[in-house]
Amino acid sequence: AAAMAALVFAVHPIHVESVAWIAGRSDVIAGMFLMLGAGLLTYEESWAGWLAVSAYAFGLLSKETALAGLVLLPMVDIVRGRRLRWEIAAALLFVTFAYLALRQAGLGAAITGFATSATPAETMGNLMGAVGFYVSKLLLPIGLSAYVPTVPGGIIPLLGLIAGLGGLALGWLAWQRQ
């Protein structure tokens, strides 16, 4: 099953965006560092954990989307049926705060990019629309483009909500199986 998922991930046309669009290279680099960190966390030696934290830091310096590693990397231990290594989780949190401090110093704000005129409901709708858009392109990869001028509306945000709830349900089921 894992090999099949890797094959689909490797050959699916939705991934052309990060490769063909020069601005997408940072996505690939951040993803590589997060995968390296996850792979290192499969080892129980302490050096591997600290290298995983370093990989997370390099991922953050590549692109802010690597912030997902703050949640995903500790889950490696949980998924593998091991107890959470709190020292690694604390180090990941420390690296995250250090990164946000660097952003504050360099950009004048730790968190940027939010539309200031959007209400929380509009922001959540846009988030669900974006997730739904990518889920729809994953299932039916036609009309792909590196440029998406607006967040799609209609039924697409509902698809994003369903995908998000499905992901939470699968995570909860995996947690219960332990």
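The values are calculated or read from the model by the stated rules, or taken from the named source; none is laboratory data. None of these values were measured; they are calculated from a predicted model. Note that each Cβ is placed from the backbone with ideal geometry, even for glycine, and that neighbours are counted across all protein chains shown. Heavy atoms of the whole protein, side chains included, go into the accessibility calculation; ligands, DNA and RNA do not. Shrake-Rupley method; radii C 1.70, N 1.55, O 1.52, S 1.80 Å.
Looking only at the stretch 158-178, filter to residues that are in contact with a Gly (Cβ under 8 Å, 6 or more places away or on another chain) and open to solvent by less than 60 Å² (accessible area, probe 1.4 Å); which one of those is farthest from Val79 (Cα to Cα)?
Leu159
Starting from the stretch 1-25, keep only residues that are under 21 Å from Leu139 (Cβ atoms), then list their pairs with residues that are open to solvent by 80 Å² or more (accessible area, probe 1.4 Å) and modelled with pLDDT of 75 or more whose Cβ atoms are within a distance under 6 Å, requiring at least 6 positions of separation or different chains.
Close Cβ pairs (under 6 Å, with a partner that is open to solvent by 80 Å² or more (accessible area, probe 1.4 Å) and modelled with pLDDT of 75 or more) amount to Ile14/Leu138.
Report whether or not Val71 is under 19 Å from Leu36 (Cα atoms), out of contact with any Asp or Glu (no Cβ under 9 Å at 6 or more places or on another chain), loosely packed, with under 12 Cβ neighbours inside 10 Å and of a type outside the set (Lys, Arg). Show your work before the answer.
Details: under 19 Å from Leu36 (Cα atoms): yes; out of contact with any Asp or Glu (no Cβ under 9 Å at 6 or more places or on another chain): yes; loosely packed, with under 12 Cβ neighbours inside 10 Å: yes; of a type outside the set (Lys, Arg): yes.
Yes; evaluated as a whole, the condition is true for this residue.
For the stretch 1-62, list the helices (runs of 4 or more DSSP H) that sit wholly inside it and hold at least 2 residues that are at pLDDT 90 or above and surrounded by fewer than 17 Cβ atoms within 10 Å (Cβ to Cβ); which are they? Before the answer, list the steps.
Values: elements: 2-11, 16-20, 25-40, 46-62.
Correct list: 25-40, 46-62.
How many residues does the stretch 135-157 hold that are assigned to a helix (DSSP H, G or I) and open to solvent by 90 Å² or more (accessible area, probe 1.4 Å)? Lay out the reasoning, then the answer.
To start, the set of residues in the stretch 135-157 that are assigned to a helix (DSSP H, G or I) comprises 135-139, 156-157.
Next, only the ones that are open to solvent by 90 Å² or more (accessible area, probe 1.4 Å) stay: 139.
The total comes to 1.
Just to be sure, is Leu100 over 22 Å from Met35 (Cβ atoms), assigned to a helix (DSSP H, G or I) and within 19 Å of the chain's Cα centre (by Cα)? Lay out the reasoning, then the answer.
Details: over 22 Å from Met35 (Cβ atoms): yes; assigned to a helix (DSSP H, G or I): yes; within 19 Å of the chain's Cα centre (by Cα): yes.
Yes, satisfied.
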